[in-house]
Ligand SMILES: [Zn+2]
C-alpha cells in the first residue's frame, strides 16, 4: 500500500496531538499512515528493560486508546516495538537527554527500519512528518535525528512538526531553536524561570515551590543543549503553516480525547474546554488572525 502522508510519532499520542488537525482534514482525500516508534516493548525487550511492571501494564490501556484515535481519524497505523526511554534509559540520559543521541544503539537500527518503511510505503509525491523535538525528550530527539539524516537523501518531502504539548511551555520553542540553529540571544534567566514556573502551576496546579524542581532540570537541559548546537543555519529552516478549519479542529480534540489515561498529564485537565484553550493559545501565538493552525518546518 502506498500513502500520501506518513507521520512519524515517537509515542502513541504525538502525531495526533501535533498534527491531528491536518490529519483530520487530509484523510478525506488522502491515504495516511502513522508510524509509532516506541509503541510497546516486545516480550524480549520488556524482560530486558521493564523496570516497573505497572508502567508496562499501562501499555495495554494506551494501545487500546491509540487504536481508538486511529480508527476515529480513519487512518492506517503501524506500532513498532522499541522500548521507550522510561524502560531503557540510564539516570544520566534521563537527566541529560541530549547526550550522545546518535551513539544510542537504537539510532542506527531505527534509521534502517524507518528508511525501509518510508521507501516501501510513501507514494512518489508523498510527504513525511517527523517531530522537531521541542522539549528535549530523548525519544523525540532520536526520532528527529533519523529524520534529519533522511533529509540529506530527500529533503523535498520531509517536514518537522512542532511537538505538542511541549511547545506550550514558555521558552521551550526558543530553547529548541537555539539548540538547532539560532545564535544564542542573551535572555533574562530569571524571567524564563518565572514564566515556566507560572505555566506549571497554572496548568498542573503545582505549587510554585514544587515547580522549581522540574525547572532546575529545564535550565540544566537548556545549558547542555546550547553547548551541543547542530550545524543548521537559520536560513536553512523554513516554517510551513497548515490552517485547520473549525470542524477539523474539533475532530482533532475528539481524537485527542481518546487518550483518556494521558489527558491530565498532557493538558492538566481532561475537559474539552481546557484542551481547546491550550491548543488555541498556541495557535494564536503563531498568528492570531487564523482560527487554528499547526506549524512544521522544512530543513534545507
Ligand atoms: Zn512523545
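Looking at 238, 276, 243, which one is under 20 Å from the mean Cα position of the chain (by Cα) and at pLDDT below 95? Before the answer, list the steps.
Details: 276 fails: at pLDDT below 95; 243 fails: at pLDDT below 95.
The unique qualifying residue is 238.
Which residues, taken from the range 122-150, are within 16 Å of the ligand (Cβ to nearest atom) and either assigned to a strand (DSSP E or B) or without any contact (Cβ under 8 Å) to a residue 24 or more places away in the chain (or both)?
Scanning the range 122-150 gives 129, 130, 131, 144.
Being within 16 Å of the ligand (Cβ to nearest atom), assigned to a loop (DSSP other than H, G, I, E, B) and closer than 12 Å to residue 129 by Cα, is that true of even one residue in the range 4-13?
Initial filter on the range 4-13 (within 16 Å of the ligand (Cβ to nearest atom)): 7-13.
Those left that are additionally assigned to a loop (DSSP other than H, G, I, E, B): 10-13.
If we keep only those that are closer than 12 Å to residue 129 by Cα too, we end up with 10.
Checked the range 4-13: at least one residue is within 16 Å of the ligand (Cβ to nearest atom), assigned to a loop (DSSP other than H, G, I, E, B) and closer than 12 Å to residue 129 by Cα.
Looking at (1) surrounded by fewer than 18 Cβ atoms within 10 Å (Cβ to Cβ); (2) in a helix (DSSP H, G or I), which is the one condition that is false for residue 167?
It is condition (1) that residue 167 fails.
List every residue pair whose Cβ atoms lie under 9 Å apart, where the two residues are 6 or more positions apart in sequence or sit on different chains, the first residue falls within the range 152-172 and is closer than 18 Å to residue 111 by Cα and at pLDDT below 90, and the second residue, located anywhere, is part of a loop (DSSP other than H, G, I, E, B) and more than 12 Å from the ligand (Cβ to nearest atom).
Qualifying pairs under 9 Å: 155/300.
Just give me the residues in the range 24-43 being touching a strand residue (DSSP E or B) at 6+ places or on another chain (Cβ under 7 Å) and more than 16 Å from the ligand (Cβ to nearest atom), in sequence order.
Residues satisfying the conditions are 26, 30, 31, 32, 33, 42.
Given (1) under 16 Å from residue 8 (Cβ atoms); (2) within 15 Å of the ligand (Cβ to nearest atom), where does residue 153 come up short, assuming only one miss?
If we test residue 153 against (1) under 16 Å from residue 8 (Cβ atoms); (2) within 15 Å of the ligand (Cβ to nearest atom), just (2) comes out false.
Among (1) modelled with pLDDT under 70; (2) within 14 Å of the ligand (Cβ to nearest atom), there is one condition residue 79 misses while meeting the rest; what is its number?
With respect to (1) modelled with pLDDT under 70; (2) within 14 Å of the ligand (Cβ to nearest atom), residue 79 is out only on (1).
Residue 53: over 12 Å from the mean Cα position of the chain (by Cα), away from the ligand (no atom under 16 Å from the Cβ) and at pLDDT below 90, yes or no?
yes
Please find, within the range 14-43, the residue that is nearest to residue 255 (Cα to Cα) out of those that are in contact with a helix residue (DSSP H, G or I) (Cβ under 9 Å, 6 or more places away or on another chain) and assigned to a loop (DSSP other than H, G, I, E, B).
Residue satisfying both the conditions and the ranking: 27.
Which one of these is at negative phi, free of Cβ contacts under 8 Å to residues at least 24 places away in the same chain, part of a loop (DSSP other than H, G, I, E, B) and surrounded by fewer than 18 Cβ atoms within 10 Å (Cβ to Cβ): 201, 207?
So the residue among 201, 207 that is at negative phi, free of Cβ contacts under 8 Å to residues at least 24 places away in the same chain, part of a loop (DSSP other than H, G, I, E, B) and surrounded by fewer than 18 Cβ atoms within 10 Å (Cβ to Cβ) is 207.
Based on what the data block shows, is residue 117 outside any loop (DSSP other than H, G, I, E, B) and at pLDDT 95 or above?
Yes; evaluated as a whole, the condition is true for this residue.
The values are calculated or read from the model by the stated rules, or taken from the named source; none is laboratory data. The structure displayed is predicted, hence computed values, not measured ones. Cβ coordinates were reconstructed from backbone atoms using ideal geometry, including for glycine residues, and neighbour counts include every protein chain displayed.
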